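Bear in mind these aren't lab numbers, they're just calculated from the coordinates by the rules spelled out. This is a predicted model, so every value here is computed, not measured.
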Amino acid sequence: MIRRSFGASSHFAHLYYMEIQSGHPQSEYIRVSRSLSESEAKFVAERKVKIAKCLSANGINCEAASVPHIAVLGSGGGERAMVGLLGCLDQMGQDNLLDSTLYLCGVSGSTWSANFFCFSII
């Protein structure tokens, strides 16, 4: 499945989400929506509980409904981007902040370290 989001305004006030299911040709479809898919919404709700616990352990108390959406974003640039994101993730781990993130995103070189990180915690 490929997911893409794109904004309808310069301030991204109206986000649309597009899902492309791949597999059997008769089951392919494109979902265009202003909301998350059911499975993504379920993931976010479950993840917010873990994020709230992490934030609470770091002295930041908030209800599961008001947990901020925190994303770690990596840039492109080959090895420099890879090393930069690895350094960021390592420091976040040392500071017990990794569980406070909802999304980990990257392009080009940073995807190498993001991929390594994601598969090392499974």
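Could you give me the ³J(HN,Hα) list for region 65-71, computed from phi with Karplus coefficients 6.51, -1.76, 1.60 and θ = phi - 60°, whole Hz, x at Gly and Pro?
6, 10, 5, x, 8, 9, 10
If amide hydrogens are placed 1.01 Å from N in the peptide plane, which non-local residues have theirs closer than 5 Å to the one on Gly74?
It is Cys105, Gly106, Val107, by chain and number.
Per-residue HN-Hα couplings for region 74-89, Karplus 6.51 cos²θ - 1.76 cosθ + 1.60 at θ = phi - 60°, whole Hz, x for Gly and Pro?
x, 9, x, x, x, 4, 4, 5, 4, 5, x, 5, 4, x, 4, 5
Consider just the alpha-carbon atoms of region 43-120 and return their Rg together with their Dmax, both in angstrom.
Gyration radius and largest Cα-Cα distance of region 43-120: 13.3, 39 Å.
Pop out the ³J(HN,Hα) list for region 105-110 in order, Karplus 6.51 cos²θ - 1.76 cosθ + 1.60 with θ = phi - 60°, rounded to Hz; leave Gly and Pro as x.
Once θ is set to phi - 60°, the couplings for region 105-110 become 10, x, 9, 6, x, 5 Hz.
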